[in-house]
Amino acid sequence: MRTLVLIALLCAPCLAGCSTESSGAPASDSVDLEPPPDGAGLQYRMVSTVEPGQEIERCKLFVAPPEGLTIRGDEVRFSPGSHHVVLYKTDYKEIPAETREGVRVDAAEIHDCNSGATAAWDITGVVAGSQSFGGESFLGDLPAGVALKVEPGTVLVMNTHYLNATSAPLVADARVNLYTMPPEEVKQEAGMMFHYNPFIRVPAGGESSARMRCRIDEDISLVRVQSHMHRRGVGFAAHRVRADGAMEEIYSNEAWEEVPAKVFASPLEVMAGEALDFRCDYRNPEPHDVAQGLTTRDEMCMLIGPYFPRSPALDNCSDAEGRPAETWIGAGAATCAETLACLAEAASDAAFFGCVVESCPGAAAEVSEAVRCELTAGRGACEEACADGDGCAACLAEACAADVAACEAARCEG
């Protein structure tokens, strides 16, 4: 059932599949990043060979030091052929013997994880990473007294995704430096915002947009932000939404690779009751529709950046129970009732995503609540019924009745 497939997608970081379509074949020593000095941090590294014409996603699991990590900044370098390197954190306290998919693997060594790191392992957040050969990392340098924390003995997942479009083997070398500070010097804990919008569909030979908003429930300070799209992305804009609805642009760019980060001269204050709103614009020259997904054949739309003080729910824009709390804002003219009918008839994931894309902006709140209820199995009320399939539809009809009624009454104006 699509409902349960998308629950995991919406509740986990998803920068788990993307790569550039051009690459050279550098030697591993082309990546110049020495480990931090003793006592100042550590380096995580992956080196593997990608065969000619091969697109592959790989992972390696590490165990954080027994004293944990208080990270004041990161630095990332990787050889060409990849669009990103990400270091994730998990709830594991020891390296598992098999993946979530039931595949036995020596995960302490480099292994294929071609369905994506979030499919293979229980990912809970992001520690560091980059999508730029030039070193524009996710975390960067945090303000004095601010650190991102990794609990003692936490298992970390390092993930790379390479496409070798050449006729020669490619040596893929990826390195992540974590620079630490003494725990007693930490005054505020940082979080890593990793907001992902899965509702993307771009028609063959056409254009489209994907837009999402996340409400801020506690005052935060943004240190830096950057976007993430694939190769059909032609524009990105992020706004702070004031409590009165006024939109203030805080970041924009047109790049899908070598993505620039916006570093705020002073951390940008976003107050409780405000929101962060971001939009990806796409142009698809291909003769087929493109929807969200984890490979170069698909698209993504993300807003990434460190902030403080940390609010665990804000990292992935979830509620207190870990369920999605986003508002998905369509770019079409369909009413909420028409959108529900579209969703019910959708015969593929791409069609399902497209129903939300084609909904009208004025009914975004009602569309989002109705979709959220289905995607979270009636906000948890129907998890058992939907797990075995029996009675799922009936349970959802009852659990989501109020959301459906509000949706059917919603209009596109306003």
Whole-number accessible area per residue in Å² for segment 172-229, which is evaluated in the context of all protein chains at 1.4 Å: 34 Å²
Residue-span extension gain [ASP388 to GLU321] - 0.36 nm each, minus C-alpha spacing: 21.9 nm
Karplus 3J(HN,Hα) series, Hz, for segment 337-343 with 6.51 cos²θ - 1.76 cosθ + 1.60 (x for Gly, Pro): 4, 5, 5, 4, 5, 4, 4
Amide proton proximity set for ALA331, modelled H, under 5 Å, gap of 5+: GLU358, SER359
Top of CYS386, CYS355, CYS336 by mean-square fluctuation, Gaussian network on the chain, Cα under 10 Å: CYS386
Inter-probe distance in nm under a simple model that places probes 7 Å from Cα toward Cβ, at ARG283 and ASP32: 3.6 nm
In order through segment 94-100: 3J(HN,Hα) via Karplus (6.51 cos²θ - 1.76 cosθ + 1.60), integer Hz, x for Gly, Pro: 8, 6, x, 8, 8, 6, 4
Candidate lysines - alpha carbon under 22 Å from LYS93, same-chain residues fewer than 8 apart omitted: LYS60, LYS149
Cα→Cβ-extended label distance, 7 Å offset, between GLU67 and GLU254, nm: 4.9 nm
Size descriptor, Kirkwood hydrodynamic radius, that averages inverse alpha-carbon separations across segment 272-326, Å: 14.1 Å
Average projection area in nm² (convex hull over Cα atoms of segment 176-280, one quarter of hull surface): 8.7 nm²
Environment charge at THR49 (Cβ cut-off 13 Å; Lys +1, Arg +1, Asp -1, Glu -1): -2
Gaussian network model of the chain, springs between alpha carbon atoms under 10 Å - residue of GLN226, GLN292, GLN188 with greatest fluctuation: GLN188
Percent accessible area from carbon and sulfur atoms, the chain, protein chains only, probe 1.4 Å: 49 percent
Filtered GluC sites (Glu not before Pro), segment 28-95: DSSP coil and at most 14 other beta carbons within 10 Å: GLU67, GLU94
Length-normalised contact order for the chain - Cα pairs under 8 Å, 6+ apart - percent: 19 percent
Extension reserve of the ARG242-ALA344 stretch, reckoned as 0.36 nm per residue once the Cα distance is removed: 33.3 nm
Share of alpha-carbon pairs per 5 Å distance bin for segment 257-414, given as whole %: 1, 8, 13, 17, 18, 17, 13, 8, 3, 1, 0, 0
Tensor-based shape of segment 157-236 (alpha-carbon gyration tensor, a/c under 1.5 rounded, otherwise prolate or oblate): oblate
FRET E, pair ALA402, GLU218, Förster distance 35 Å, beta-carbon r, rounded to 0.05: 0.80
Per-residue HN-Hα couplings for segment 394-402 [Karplus 6.51, -1.76, 1.60; θ = phi - 60°; Hz; x = Gly/Pro]: 5, 5, 5, 4, 6, 5, 9, 4, 5
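The values are calculated or read from the model by the stated rules, or taken from the named source; none is laboratory data. Computed from a predicted model, the values in this text were never measured in an experiment. Neighbour counts are summed over all protein chains in view; Cβ atoms, including those assigned to glycine, are modelled from backbone coordinates with ideal geometry. The accessibility values were calculated without ligands, DNA or RNA, using every heavy atom of the protein model including side chains. Shrake-Rupley method; radii C 1.70, N 1.55, O 1.52, S 1.80 Å.
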